[in-house]
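These notes concern the structure reproduced below.
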Amino acid sequence: MHLHTPRLLLRWLCPDDLEDFLEYRSDPAVLRYQSMSPMSRAQAARFIKSQAHKALGKAGAYQQIGIERQSDGKLVGDCALKLRAGEPRIAEVGYTVNPAFQGQGYATEAVGALVGELFGRLGIHKVAALVDARNPASFRVLEKLGFAREAHLRLSYFDPIDGDWFDEYWYGLLREEWGRGG
């Protein structure tokens, strides 16, 4: 898998990504709005190996797609993709960007390219995303791409860092809405 954007390359993770991957995937502050725990070096290496050489769009399991900056080959983040097992024409996406590279439009550019590929080549009907309501930067990415907030899930996520329950937003974008923007 290789999706090019003006600044980025979306591709499968590879062993050479380990150091860049650990920069952000071992940081509790990065993961606080996601249902993930920090990874050790060994866990990250196993995870990266498990993601290699997959076919885009395998139903029922998450796939992580690396976000590489083309100018220097730096892994700046990754996108998650999952097609529903019972209805593979509906995809769920997520994204994580290293804090050193946040605020530069990389998430919007990467997710936009992935969504375009899902609607185009894979013929997906709908793309959805679940976002912690305390993370406005994340839901602004979705809104810029034309996603609509479809639901407000009250106290549906337990944050072990804060030791409390928090709200989440469910966003969706239909294929016929793609390209209209937010």
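The values are calculated or read from the model by the stated rules, or taken from the named source; none is laboratory data. In this text the structure is predicted, and so the values were computed from the model without any measurement. Cβ atoms come from the backbone with ideal geometry, glycine included; neighbour counts cover every protein chain shown.
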Note: among Ala85, Ala55, Ala42, just one is touching a residue at least 24 places away in the same chain (Cβ under 8 Å) and not in a strand (DSSP E or B), namely Ala85
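The rows are residues; the columns are (1) loosely packed, with under 15 Cβ neighbours inside 10 Å; (2) in contact with a Ser or Thr (Cβ under 6 Å, 6 or more places away or on another chain).
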site: Ile124; (1), (2): no, no
site: Ala133; (1), (2): no, no
site: Val141; (1), (2): no, yes
site: Ala148; (1), (2): yes, no
site: Leu153; (1), (2): yes, no
site: Trp165; (1), (2): yes, no
site: Glu168; (1), (2): no, yes
site: Leu173; (1), (2): no, no
site: Gly179; (1), (2): yes, no
Please verify whether Gly120 is of a type in the set (Gly, Ala, Ser), surrounded by fewer than 17 Cβ atoms within 10 Å (Cβ to Cβ) and closer than 15 Å to Leu3 by Cβ, treating the condition exactly as stated.
yes
The condition of being buried (at least 16 other Cβ atoms within 10 Å of the Cβ) and more than 21 Å from Ser138 (Cβ to Cβ) holds, among Leu75, Leu56, only for Leu56
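Hey, could you check the range 102-161 for residues that are of a type in the set (S, T, N, Q), free of Cβ contacts under 8 Å to residues at least 40 places away in the same chain and outside any loop (DSSP other than H, G, I, E, B) and say which is farthest from Glu68 (Cα to Cα)?
Going through the range 102-161, the residues of a type in the set (S, T, N, Q) turn out to be 102, 104, 108, 135, 138, 156.
Add one more test, that the residue is free of Cβ contacts under 8 Å to residues at least 40 places away in the same chain, and what stays is 102, 104, 108, 156.
After this cut, where a residue has to be outside any loop (DSSP other than H, G, I, E, B) as well, the list is 108, 156.
Numbers: Thr108: 14, Ser156: 32 Å.
The selected residue is Ser156.
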When Ala91 is run through (1) in contact with a helix residue (DSSP H, G or I) (Cβ under 8 Å, 6 or more places away or on another chain); (2) free of Cβ contacts under 8 Å to residues at least 60 places away in the same chain; (3) assigned to a helix (DSSP H, G or I), the failure sits at (3)
If we keep only residues of the range 18-40 that are crowded, with 16+ Cβ neighbours inside 10 Å and among the acidic types (Asp, Glu), then the residue nearest to Glu68 (Cα to Cα) is Asp20
Note on Ser71: of the conditions (1) assigned to a loop (DSSP other than H, G, I, E, B); (2) modelled with pLDDT of 95 or more; (3) among the small types (Gly, Ala, Ser); (4) touching a Leu at 6+ places or on another chain (Cβ under 9 Å), unmet is (4)
Restricting the range 12-39 to residues that are among the hydrophobic types (A, V, I, L, M, F, W, C) and assigned to a loop (DSSP other than H, G, I, E, B), the one nearest to Leu114 (Cα to Cα) turns out to be Leu13
Looking across the range 84-95 at residues that are at pLDDT 95 or above and not acidic (Asp, Glu), the single one that is nearest to Glu23 (Cα to Cα) is Tyr95
